[in-house]
Number of protein chains: 2
Amino acid sequence: VEALFVGVDGGGTSTRCVVAGETGKIAGRGRAGGANAVSVADPSANLLAALLAALEGVDRSRVAGGVFGLAGTGTSRPLAEQAWRAAGLTGRLWVVPDVLVAFTGATAAPDGSVLIAGTGAMGARIRARRVVRRADGLGWLLGDEGSGVWLGRRALVAMLAALDGRAAPTELTGPLAAAILGEETEAADLQALVAAVYARVAEAGPAWLATLAPLIDTAARQGDQVARDILREAARRLARTARVVGAVDGRQEDTRPLVLAGSLLTEQTMLARLVRAELGERATWVPARDGAAGAAALALRAAFPPEDPRALDGHLALIGQDGP
Amino acid sequence: VEALFVGVDGGGTSTRCVVAGETGKIAGRGRAGGANAVSVADPSANLLAALLAALEGVDRSRVAGGVFGLAGTGTSRPLAEQAWRAAGLTGRLWVVPDVLVAFTGATAAPDGSVLIAGTGAMGARIRARRVVRRADGLGWLLGDEGSGVWLGRRALVAMLAALDGRAAPTELTGPLAAAILGEETEAADLQALVAAVYARVAEAGPAWLATLAPLIDTAARQGDQVARDILREAARRLARTARVVGAVDGRQEDTRPLVLAGSLLTEQTMLARLVRAELGERATWVPARDGAAGAAALALRAAFPPEDPRALDGHLALIGQDGP
């Protein structure tokens, strides 16, 4: 019987799981809420939910191994192990940085770099499918500069500073107030807004702040200067993060991929455009595709010696590519 | 029998309580940990502890009323009422903004303004002993710009950005790592530092960040440019907060007091010097003294009609002043 491999990509906002066979053929997929240990209220339950959904109708005894891509691998390992056991799996489990599965889900190349801007933000240099250098990715309190959480917080700070007279007015106020208070937005009382934000963050975790990011994109497109300045500052910081890990070395002949991951960089956002402009034109940008498939590819690769063609073929099949 | 009045000043780091008689004579004092509803783990227990300490040996049936000065009066009122009842008190209870008791604890004047920079930061305009305008004071996530929590967070961000190569090195690294990890500081591993900070904040609340503020002052005095830049930025933001509420109107004849409160402004810090320089020389700066006495003064004043001399005399006695 063909062995099965599990790949999990646990982000700040959603967790995706893929179960695949030795040839890279997908046997199941699952999805659940975020799995970041420091910004999500119940990451372990979401890991398990994504696993169980992907394993529906699958013979679990065939699962030979799994790779979980998670932020903060140190603190997240127990969560992954807990979910693995709770799902009734006994194969070997690896926990690797989420940036690595973003990379292996986008390219079969062994070397390159990743810049993520989703709920969180991080840059990483990859060599032989290992993270050899990283910058930022320090979480909602200490970094993740240019991420959705960072953008959401900046926008709220700008709105409140405008409301109490410390800073210039911004068109962000209306949409943000509506997002914070729901329907009852007629009287955008500052104290009510502040209390509601703290309540939301206490309840849903700081990852909630990232849900505000699209409002900043919209306001910036409509010409709001405050929103534009926030996005420019985010782009500068993300470009710095990418440069620090050596993602852009300026040599013309450099063809190592720079994988752009996270919804803020993979979707057609103003931030994505600004980040590309900051980093300069570069032929080897690769948009991230499927981190869970990248995780499953790592699990599959671990089952075969490197020279075995099934390792590369399975990886390529999983990420939907024809050749290296 | 002379009535007694209770005053409580609940800050981010400590809660102070004063019990006083009709003439402003102090009958008891108490002190406990912080009472900020959003940045302290157990504010209600600290309010009660300060109350009970001040009421030791006092006949509680004589207590005619009390004033609690608390941040976020909306969310804090239930905490105050809970502590009041738990202490066996039945007199009338008022909950007022902490900035107001900082003001009335420093001056018997009815009008003026306050700038606080302690665990949190806020500016307020006071008219007839009521807060008529405020700026910032929005808490650890959304504002408190220039506060101890803001400084601590900025310093950590600067240290970590230096450690992963995104920003210039800083002499803050050693002292901050020692404060975060305790004794085991030889190998200041970035991931260990990050995990320890999140653990500290989860355990002690964001107010813990303010305990790092003195390290920034020390590093700045020793010439560290990163620390100096953080303090300069803090001073600019605090000055903006003060200006917005009309604390400095530029008229020479203006003699309304500007009360400087919070440990970062009442102690001989570099930040206090920078804030004064930002705001320009001004003859009516008043250092904050005893916010709990200011709260007791408000409770005492509420017991007498405004024209009754006991209101002013009691207030002056409580704050240790001879005349207006």
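The conditions are (1) away from every other protein chain (no Cβ under 14 Å); (2) in a helix (DSSP H, G or I), and B:GLU171 fails exactly one of them. Which is it?
The failed condition is (2).
Take the residues in the stretch A:118-133 that are small (Gly, Ala, Ser) and more than 14 Å from chain B (Cβ to nearest Cβ), then tell me which one is least open to solvent (accessible area, probe 1.4 Å).
Per the stated criteria, the residue is A:GLY118.
I'd like the residue in the stretch B:231-251 that is crowded, with 23+ Cβ neighbours inside 10 Å and in a loop (DSSP other than H, G, I, E, B) and, out of all such residues, is modelled with the lowest pLDDT.
Result: B:ALA247.
When you check A:VAL226 against the structure, is it at pLDDT 95 or above and buried (at least 19 other Cβ atoms within 10 Å of the Cβ), yes or no?
Against the criterion (at pLDDT 95 or above and buried (at least 19 other Cβ atoms within 10 Å of the Cβ)), A:VAL226 qualifies.
Does the stretch B:185-202 include one or more residues that are at positive phi and open to solvent by less than 40 Å² (accessible area, probe 1.4 Å)?
No - not one qualifying residue is present in the stretch B:185-202.
Yes/no matrix, rows are residues, columns are (1) in contact with a His (Cβ under 7 Å, 6 or more places away or on another chain); (2) touching a residue at least 24 places away in the same chain (Cβ under 8 Å); (3) over 18 Å from B:GLY10 (Cβ atoms); (4) surrounded by 19 or more Cβ atoms within 10 Å (Cβ to Cβ):
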| position | (1), (2), (3), (4) |
| --- | --- |
| B:GLU267 | no, no, yes, no |
| B:VAL286 | no, yes, yes, no |
| B:GLY291 | no, yes, no, yes |
| B:LEU298 | no, yes, no, yes |
| B:LEU318 | no, yes, no, yes |
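Select from the stretch B:62-90 the residues that are assigned to a strand (DSSP E or B) and open to solvent by 10 Å² or more (accessible area, probe 1.4 Å) and list them in ascending order.
Hit for the stretch B:62-90 is B:ALA64, nothing else.
From (1) in contact with a Phe, Trp or Tyr (Cβ under 6 Å, 6 or more places away or on another chain); (2) among the hydrophobic types (A, V, I, L, M, F, W, C); (3) surrounded by fewer than 23 Cβ atoms within 10 Å (Cβ to Cβ), pick out the condition that doesn't hold for A:VAL114.
(3)
Which of the following residues is touching a strand residue (DSSP E or B) at 6+ places or on another chain (Cβ under 8 Å), more than 10 Å from chain A (Cβ to nearest Cβ) and assigned to a helix (DSSP H, G or I): B:LEU115, B:LEU100, B:LEU93? Before you say what the answer is, go through the steps one by one.
Details: B:LEU115 fails: assigned to a helix (DSSP H, G or I); B:LEU93 fails: assigned to a helix (DSSP H, G or I).
After applying the criteria, what remains is B:LEU100.
Which of the following residues is under 23 Å from the mean Cα position of the chain (by Cα), within 14 Å of chain B (Cβ to nearest Cβ) and not hydrophobic (A, V, I, L, M, F, W, C): A:ASP189, A:ASP164, A:ASP136?
A:ASP136
What do you reckon, is A:THR107 more than 14 Å from every other protein chain (Cβ to nearest Cβ), outside any helix (DSSP H, G or I) and within 30 Å of A:LEU279 (Cβ to Cβ)?
So A:THR107 fits the description; yes.
Check whether at least one residue in the stretch B:142-159 is within 7 Å of another protein chain (Cβ to nearest Cβ), more than 19 Å from the chain's Cα centre (by Cα) and free of Cβ contacts under 8 Å to residues at least 40 places away in the same chain, and report yes or no.
yes
Out of the residues in the stretch B:2-29 that are outside any loop (DSSP other than H, G, I, E, B) and in contact with a Ser or Thr (Cβ under 8 Å, 6 or more places away or on another chain), which is most open to solvent (accessible area, probe 1.4 Å)?
B:ASP9
The values are calculated or read from the model by the stated rules, or taken from the named source; none is laboratory data. Every value quoted in this text rests on a predicted model; they were computed, and no experiment measured them. So basically every Cβ, Gly included, is an ideal-geometry build from the backbone, and we count neighbours across all protein chains shown. Note: areas computed on protein heavy atoms with side chains; ligands, DNA, RNA excluded. Shrake-Rupley method; radii C 1.70, N 1.55, O 1.52, S 1.80 Å.
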